[in-house]
Each structure stands twice: as C-alpha cells, then as structure tokens.
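**Student:** Below is one structure. I have some questions about it.
The values are calculated or read from the model by the stated rules, or taken from the named source; none is laboratory data. Since the structure is predicted, the reported quantities are computational estimates derived from the model, not experimental observations. Ideal geometry is used to build each Cβ from the backbone, glycine not excepted, and the neighbour counts take in all protein chains shown. The area values use the complete protein model at the heavy-atom level, side chains included, leaving out ligands, DNA and RNA. Shrake-Rupley method; radii C 1.70, N 1.55, O 1.52, S 1.80 Å.
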Amino acid sequence: MSNRKGKLHIYNSLSGKKEHFEPIHQDHVGMYVCGPTLYSEPHMGNMRTFINFDMIYRYLLFLDYRVKYVRNITDAGHITNSAGEAVDSIGKAARLEQVQSLEIVYKYNVKFQELQRIYNLLPPSIEPTATGHIQEQIEIIEKILDNGLAYVVNGSVYFDVKAYSEKFNYGILSGRKVDELAEETRTLNAQDEKRFFADFALWKKANPEDMQIWRSPWGDGNPGWHIECTAMSTKYLGTQFDIHGGGLDLKFPHHEDEIAQNCGSFGCNPAKIWMHANMLNVNGQKMSKSLGNFFLPKEIVEGTTPLFSKGFSPDVLRFFMMQAHYRSTLDFTEEALNAAEKGYTRLSDAIQLLDKLPTGETSSFDVSALVDSFYTAMDDDFNTPILIANLFEAAKRVNLINDKVDTISLNDLKLLSTHLIAFVKEILGLQLNVAQSDAKLAPVMDLVLDLRAQARANKDWTTSDKIRDGLAAAGIIVKDGKEGTSWS
Ligand code: AMP
Ligand code: ZN
C-alpha cells in the first residue's frame, strides 16, 4: 500500500529510548514474539499482548516490509513460578483432566486459533512449538556448557550466571544487578541444586510424575522454560534479528535469560530491539489466571460474564485496546468499554458516509496534512491513541462535508477514503462488520421505506405502523425528519 518506510521510531526496552528503525537486512524484518503457554484458555490479558503485536505486524506490512513473524507455542517445559520453582503447568492440567499433555495443548490451541479468527489477528509466518524443537534446545545447551557457562548437577543443567557475568552483562535488559541478586542469595538457604540464586535451569531431570520426558546427554528430562525461545528464534530468524517482543511481565527473568543464553552460545544479543507490551489490568491489578481476576474473550463477546451487563463485539474490544498505547497499562471496566463502543460507532458511521460524499472544485481543509498525521502517529512508536484521535478528526471532517459545511475535491476524497479505510481496517484490524452489514442492508431498507412512504401517502397507517414496529423488533430504528426518513 505505502512506501513510507524510513520514518518509523520504536521504543527499545534495551536502551530505554525511542530509536530510528533500520532493519538488519534492507526491506526485511525478522520479528519473534513469545506466544502462549497452552495449559488453559487464553484470557483477555493474553489477547491484549497478541493484539498489540498484531497491530505492530500489520503496520510493518503496511509500510511494505517483508516481515517474518515467528510466534511460538509453549507446549512443554518447566516454567518458573513466582516462588522460583520449576512447574510443569501443562502436565499439571493433564493430570487434573486425566488426559495426555498434548491433548491439553491441542484442546487449547484450537481455542486460541478460534480466538485469533474472532479478534481478526493475522496468522504469524510460523508458529513453532517447543516439543518440535527439543534437539535444537539440547544443542544450544551443549554449546553453553562447552563455553563454560553452565554446569550439570544430578541430571539437570543450570546456567552459571556468575561465570557469565565475568564476560557479559547479566541484567542488560532488566537493569538488575548481579551484586544485588547475590544479596538475595545469602538470605536464601541453599534451597536447591543451583550454585547461585540467579542461576536458572536449562534442562531439568525428569520427575516421576512428569507427563512428557525427553532423552538428553544428561539423562531423561525436560527443557527449562527460556531455552525454547532461544532455539526457535535462532532457527527461524538467525542469531541476530530485528525485533523481539512479549508482555512486560516476561522482561525478567524470561527475556533477560534468553539474552544470556544467546550470548552464552552464539556470543550476541539476539535482537536489536526488545519490545514490551503493557498489561491489561482489572482494578489496577494485572489480569491473570493465578489471581482469578480474568475474563475469557468469548464470554465478553457473548455477554455471559456476570460482571458486565451486556456483551461487546470483538471490533469494539479491539478498538478499546487500540485506544491505549501498547506501552501503557489499560484498565478493563464496563464504563471504558461503553465509551469505546460509542467511539467505534462514530468512526464506522463516518466510513459508511465516504462513498456518498459530495465533491467540489477544491477542498476547504488540508487533506494531505490530515493523512500525514495518521503516519506520524504510527511512526512514533505505534502511537494508536494519537492515530485514533486523528481518525476522529477525519470523521469530523467527513460529517462536515456531508453537511456541506466543508468541501473536498474528488482527488482529495480518494486520498482520504483510501487512508481512512486502510488505517482502520488494515492497521487497527477492525472489521467494520456493522458497517458492512449496514451496507448490505441498504438496498433492502430503501425498498421497505419506499413501501412505507407509499402506505403513508395512501393514509394506510396500519401498514406503515406495522413496517415501523417490525423494523424496531429487528433492532432497526426508523426516524421521520424534515429531510426525509432515515434508519439506523
Ligand atoms: P502466558 O501464556 O502466560 O505465557 O502469556 C502469554 C502472553 O500474554 C505473554 O506475552 C504475557 O506477557 C501476556 N500476558 C499475560 N497476562 C497479561 C495481561 N494481564 N495483560 C497483557 N498481557 C498479558
Ligand atoms: Zn519466550
């Protein structure tokens, strides 16, 4: 669509600054995003992160980059919980439901794929799984061991953060200092096999209750949590690529440890830019499975959550998310969703008017500047709230043109229409279902209203009232005004 590359700036969590975006290989972008752990149905918070990266992917495509977007599926491995213990959450769910681990993963992956369709997410280029890349993970662990940055204890392998810190900067992303971590070590008794508090598992010896087990040079076991992302990002994007993303809660330890694994095996930080999407909150607290304050995406659409009085369409939910910058937290309330619904309707109503607008010799406002403002917002670290404010400005102009207060030339109308529709549909990913169904309904409504007008002209009030009441029952409101009859 557009050849306006070269102006994009992205906030890099690594430098703490917005940086001018220049891909490593001209016109190509490699992007890796940490995907879901499929031991349960993804909640709305998870979806916020995936919707944000979908918007980022869409804008890169719109700028005409060839993007390879890799988003993994975690279907194996021990994930560290908040107490620092390695937990096999998929195995736990499998034992609970008395099925095999991959049945759990498959069941929730079907749901996840369905949610992606409902919320209009573009499929990534590849969705690789951890279980499909055990050999690659083992090979990287061997490299780290060869480089003297890991040690084997009783069938498990741990990353040696102290040895690593002599050569590299552990804490480069999160700003944590190894010395401060050392303080924590003294207060923690030698609770496990690790030599140092910050050391983390690359490979965990199998437990008798483990549902999935793999062979390795160190015996039967499971990969640690972080190593799968190092293995899959390297395999599909190389040892250095452009963007690595995920939710802010993954910055430490997951992403810090990914950097350590990459430096410890290939000698370099895998990504030029590290991006972190902020959390969806409920009453100021992160929406999470463990806190129990989560909403499932489907129940919000269907209106079956007891906390909300009605349902909201996926478009409205997406619009609601896009009204916040991806790096800001966002609170999930019915009031905010109602406001988003109004804003969304205002925008889609304006889009419906586009092909009916009158054109004139000249335009009474600077259409190119307005269109430029869409790009400027997105080029400034994907600033969707500013973009939406500028789209509202365009919607206001559309209404003024419709009311013959403003004028627009034919060429400017084409420019405005294509960009307004592209930024709303292709970049924000809104489907405008309502607008589309209204457009389909329009010829039918013309016919019905014509019949009603005839009935009224014949003073056949029974028929005209029957038509109006029938339409009202179908959710269509008919209004008779000075300018004629309208419907919504
Ligand atoms: P998980 O399945 O727990 O690995 O999470 C999948 C993705 O969702 C990760 O990128 C998390 O950072 C992200 N995530 C989890 N909770 C939230 C939340 N409340 N808001 C936004 N993103 C979240
Ligand atoms: Zn990851």
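**Student:** Mind checking the dipole of the range 215-352: about its Cα centre, +1 per Lys or Arg Cβ, -1 per Asp or Glu Cβ, Debye to the nearest 20? Before the final figure, lay out the partial values.
**Tutor:** Working: 12 positive and 15 negative charges, 30 e Å.
For this selection, approximately 140 debye.
**Student:** Next up: Determine the per residue accessible area of the range 9-277 with all protein chains present and a 1.4 angstrom probe, expressed in square angstrom.
**Tutor:** Details: 11100 Å² over 269 residues.
With the other protein chains kept in place, the range 9-277 gives 41 Å² per residue.
**Student:** Over the heavy atoms of C229, what accessible area does a 1.4 Å probe trace out, to the nearest 10 Å²?
**Tutor:** Spelled out: C229, probe radius 1.4 Å, area about 0 Å².
**Student:** Does the chain classify as rounded, prolate or oblate by the C-alpha gyration tensor (a ≥ b ≥ c root eigenvalues; a/c under 1.5 gives rounded; else a/b over b/c gives prolate, otherwise oblate)?
**Tutor:** Working: a/c = 2.94, a/b = 1.94, b/c = 1.52.
It is prolate, given that a/c is not under 1.5 and a/b is the larger ratio.
**Student:** Give the ranking of K167, K298, K272 by solvent-accessible surface, highest area first, calculated with a 1.4 Å probe. Mind dumping the intermediate values first?
**Tutor:** Numbers: K167 140, K298 75, K272 95 Å².
Ranked from most to least accessible, the order is K167, K272, K298.
**Student:** Mind checking the full-extension length gain between L441 and Q113? Use 0.36 nm per residue of separation minus the Cα-Cα distance, one decimal, nm.
**Tutor:** 115.0 nm
**Student:** Considering only protein heavy atoms, what is the solvent-accessible area of T362 at a probe of 1.4 Å, reported in Å² to the nearest 10?
**Tutor:** Answer for T362: close to 90 Å² accessible.
**Student:** Want the number for R215 to L400: 0.36 nm per residue separation, take away the alpha-carbon distance, what's left? If you can, show how the numbers build up before the last one.
**Tutor:** Values: separation 185, 0.36 × 185 = 66.60 nm, distance 6.91 nm.
Net length gain for the segment: 59.7 nm.
**Student:** Please report, in debye to the nearest 20, how large the charge dipole of the chain is about its Cα centre when each Lys and Arg carries +1 at its beta carbon and each Asp and Glu carries -1 there.
**Tutor:** Numbers: 51 positive and 63 negative charges, 144 e Å.
Approximately 700 debye in magnitude.
**Student:** Rounded to the nearest 0.05, what FRET efficiency is calculated for H28 and D465 with R0 set to 51 Å and r the Cβ-Cβ distance? Write down the numbers at each step before the final one.
**Tutor:** Numbers: r = 63 Å, r/R0 = 1.24.
Between H28 and D465 the formula returns 0.20.
**Student:** Could I ask something else about it? Would you kindly find the accessible area of V105, with a 1.4 Å probe and non-protein molecules such as ligands, DNA and RNA excluded, rounding to the nearest 10 Å²?
**Tutor:** Its heavy atoms expose roughly 10 Å² to the probe.
**Student:** In Å², what does the accessible area per residue of the range 281-431 work out to with a 1.4 Å probe? Please report the intermediate quantities before stating the final value.
**Tutor:** Values: 6620 Å² over 151 residues.
Heavy-atom accessible area per residue stands at 44 Å².
**Student:** Using 1/(1 + (r/R0)^6) with R0 = 35 angstrom and r between the beta carbons of C268 and N433, what's the FRET efficiency to the nearest 0.05?
**Tutor:** Details: r = 45 Å, r/R0 = 1.30.
Working from the Cβ atoms, E equals 0.15.
**Student:** Of all accessible surface on the chain at a 1.4 Å probe, what whole percent is carbon and sulfur?
**Tutor:** On the way: 11290 of 22480 Å².
Roughly 50 percent, rounded to a whole number.
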